[in-house]
Amino acid sequence: MIRRSFIAALAFAAALPLTAWAEAPLKVVATTGMIADAARQVGGDQVEVKGLMGPGVDPHAYRQTRTDIVAMTRADLILWHGLYLEAQMEDFFHDLGRKRNVVAVAEGVDPAKLRAHDDYADKYDPHVWMSPVLWRDVVVEVQKALTEARPEAAEVFAANTQTFLAEMDQLEAYGARALAAVPEDNRVLVTAHDAFGYFGAEYGYEVLGIQGISTQSEAGLNRIGELVDTLVNKQLTAVFVESSVSDRSMRALIEGAAAKSHDVGVGGELYSDAMGEPGTYEGTYIGMLDHNITVIAGALGADVPGRGMNGKLSAGF
Ligand SMILES: [Zn+2]
């Protein structure tokens, strides 16, 4: 009896580390919330994801903290956006890539699909998450990186990716419907910085940012004057603030329009470069875009479901 339980205990002890190893989730670190969400959707219970940039954090200005570095040295896989989004961490990631498994997931998007811009002559607009069509390509890059890091889970990653892409198709269809319901003259999106270029291209909206592609560029008084004239000339009455950018220049714009006796109000707060609170619907990629689409379409005059495409928005239009 004693002998039998001893053998059983031995077998149990021997089996434990093996089981623990097989089931230990892959440790993934992701820079933006959008990439962290893609890794969670694709990875499911095979991954443990740590996102470095929380709600309201501006990726153009972000620098790695000590805690971030510790997390990255312990990670099996590090996902960053690239395309010069994390401008302050560019050198850091290039260095880290020599020692660790580091992937710039947005740099896998075909350059023919990317927008050039004036801020940096040799670089592309990094805000690809604003188009669910383009973001599909990034999700597939995340799938590739996870599969390479854990080939034995390839089928799970492929199935999860398909489920997520199907949700993104729904989002895309909802966006097309809601945004096409806005009167044509109102299809102008005025925001704090130029993050919505792909969104505008996707849905046929003119997009005007006070600041350029990066929040690090200065918003000149000339630019504000120009935008005030556009608001007055086009009789636009709604502008949008962003959760990760100060609304100071937006207030200057509204005051500038008021000085010309043209009433402009804030149509709502959009998630441009960061998602909502973790654990909320807006803290997911689908929820973030549902929020933006619903708020923009509603504020510019379309009849939209107040709580968005899934009825899940906490503060919809
Ligand atoms: Zn941005």
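Just a few scattered comments:
- The single residue among ALA104, ALA121, ALA75 that is open to solvent by 40 Å² or more (accessible area, probe 1.4 Å), among the small types (Gly, Ala, Ser) and either away from the ligand (no atom under 16 Å from the Cβ) or more than 29 Å from GLY287 (Cβ to Cβ) (or both) turns out to be ALA121.
- Restricting attention to the range 105-162, the residues that are under 16 Å from VAL42 (Cα atoms) and of a type in the set (Ser, Thr, Tyr) total 2.
- Among the candidates VAL42, VAL70, residue that is crowded, with 19+ Cβ neighbours inside 10 Å, more than 16 Å from the ligand (Cβ to nearest atom) and farther than 17 Å from TYR271 by Cβ: VAL42
- Residue match in the range 48-68 (condition: of a type in the set (Lys, Arg) and within 16 Å of the chain's Cα centre (by Cα)): yes
Every residue, every condition in (1) of a type in the set (Ser, Thr, Tyr); (2) within 22 Å of LEU221 (Cβ to Cβ); (3) open to solvent by 30 Å² or more (accessible area, probe 1.4 Å), yes or no:
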{"site": "ASP247", "(1), (2), (3)": "no, yes, yes"}
{"site": "LYS260", "(1), (2), (3)": "no, yes, yes"}
{"site": "THR280", "(1), (2), (3)": "yes, no, yes"}
{"site": "ILE286", "(1), (2), (3)": "no, no, no"}
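Residue-by-condition table, conditions (1) within 16 Å of the ligand (Cβ to nearest atom); (2) at pLDDT 95 or above; (3) open to solvent by less than 10 Å² (accessible area, probe 1.4 Å):
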site: VAL182; (1), (2), (3): no, yes, yes
site: VAL190; (1), (2), (3): yes, yes, yes
site: GLU206; (1), (2), (3): no, yes, no
site: GLU218; (1), (2), (3): yes, no, no
site: GLU242; (1), (2), (3): yes, no, yes
site: VAL266; (1), (2), (3): no, yes, no
site: ASP273; (1), (2), (3): yes, yes, yes
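The values are calculated or read from the model by the stated rules, or taken from the named source; none is laboratory data. All of these numbers come straight from a predicted model, not from anything done at the bench. Here the Cβ is made from the backbone with ideal geometry for all residues, glycine too, and neighbour counts use every protein chain on show. Heavy atoms of the whole protein, side chains included, go into the accessibility calculation; ligands, DNA and RNA do not. Shrake-Rupley method; radii C 1.70, N 1.55, O 1.52, S 1.80 Å.
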